[in-house]
1. Given the structure, is ARG96 crowded, with 22+ Cβ neighbours inside 10 Å and not aromatic (Phe, Trp, Tyr)?
2. Here are ALA113, ALA107: which of them is among the hydrophobic types (A, V, I, L, M, F, W, C) and in a helix (DSSP H, G or I)?
3. In region 44-66, which residues are touching a helix residue (DSSP H, G or I) at 6+ places or on another chain (Cβ under 7 Å) and part of a helix (DSSP H, G or I)?
4. Tally up the residues in region 102-134 that are under 23 Å from PHE75 (Cβ atoms) and either surrounded by 16 or more Cβ atoms within 10 Å (Cβ to Cβ) or not assigned by the TED database to the domain that holds VAL175 (or both), please.
5. Of the residues that sit in region 80-91 and are part of a helix (DSSP H, G or I) and without any contact (Cβ under 8 Å) to a residue 40 or more places away in the chain, which one is surrounded by the fewest Cβ atoms within 10 Å (Cβ to Cβ)?
6. Considering region 132-190 alone, what residues qualify as being β-branched (Val, Ile, Thr) and either more than 23 Å from ILE19 (Cα to Cα) or at pLDDT below 95 (or both)?
Amino acid sequence: MSSVTRSRRQVRLSRALGIALTPKAVKHFEKRPYPPGEHGRARRRTESDYAVRLREKQRLRAQYGLREKQMARAFEDARKAPGLTGEALVEILETRLDALVLRAGFARTTLQARQAVVHRHILVDGKIVDRPSFKVKPGQTVQVKPKSQAMTPFQVAAAGAHRDVLPAVPPYLTVSLEKLSFVLSRAPKRVEVPVTCEVQLVVEHYSR
């Protein structure tokens with residue numbers, strides 16, 4: 001799939017879910033904040049509880065760029081964790097390596113963050129990790145591999161060029177952007193995680 005086609009799909013998905021999933025989608029979304037299609041401007045008919053919960057699950061899944069199987073697995077892990085399932089689900093998703101690489105400002109989009117991991121540019125505690133789903137634990141240090149830091153995309157990131165499109169660095173990360181390094185200082189709390197989602201509806205969707 002070409003980058004143009006992928007970008008168009010993300011814009012369309014953004015409009016369908018009511019959230020901007022990429023920086024490029026933000027501009028389109030500001031112009032046309034209604035869903036795609038000829039009836040997109042029309043007010044939504046009263047939706048069933050199922051449809052509302054399903055859309056909320058799709059919104060959360062889209063923000064992390066996950067396949068349904070990955071999302072369902074994360075929910076099962078959250079269900080087994082102590083405490084509130086919704087809080088645990090967000091913590092599991094947010095501590096994925098690709099999610100934190102994005103939050104730290106090392107990439108502009110989830111896809112770029114995932115590619116940085118898959119292409120073996122990212123170290124965790126000094127060792128290459130090429131699994132985007134790797135769960136980063138509090139106290140671990142993540143950095144761009146020294147040999148990779150001279151590459152243009154990472155030099156752009158180190159200069160802070162992505163900060164205009166990303167949320168503020170969350171309080172659970174200690175980031176040294178010029179060194180392309182960060183530490184997960186503690187577990188994320190749901191209220192601190194910059195995702196748009198009524199997470200209880202996601203729990204209800206999977207618990208039905």
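1. yes
2. ALA113
3. Residues satisfying the conditions are VAL52, ARG53, LEU54, ARG55, GLU56, LYS57, GLN58, ARG59, LEU60, ARG61, ALA62, TYR64.
4. Residues meeting the conditions: 10.
5. Checked region 80-91; the qualifying residue surrounded by the fewest Cβ atoms within 10 Å (Cβ to Cβ) is LYS80.
6. Once the filter is applied, which keeps residues that are β-branched (Val, Ile, Thr) and either more than 23 Å from ILE19 (Cα to Cα) or at pLDDT below 95 (or both), region 132-190 yields VAL136, THR141, VAL142, VAL144, THR152, VAL156, VAL165, THR174, VAL175, VAL183.
The values are calculated or read from the model by the stated rules, or taken from the named source; none is laboratory data. Just so it is clear, the structure is predicted and the values come from calculations on it, not from any experiment. So basically every Cβ, Gly included, is an ideal-geometry build from the backbone, and we count neighbours across all protein chains shown.
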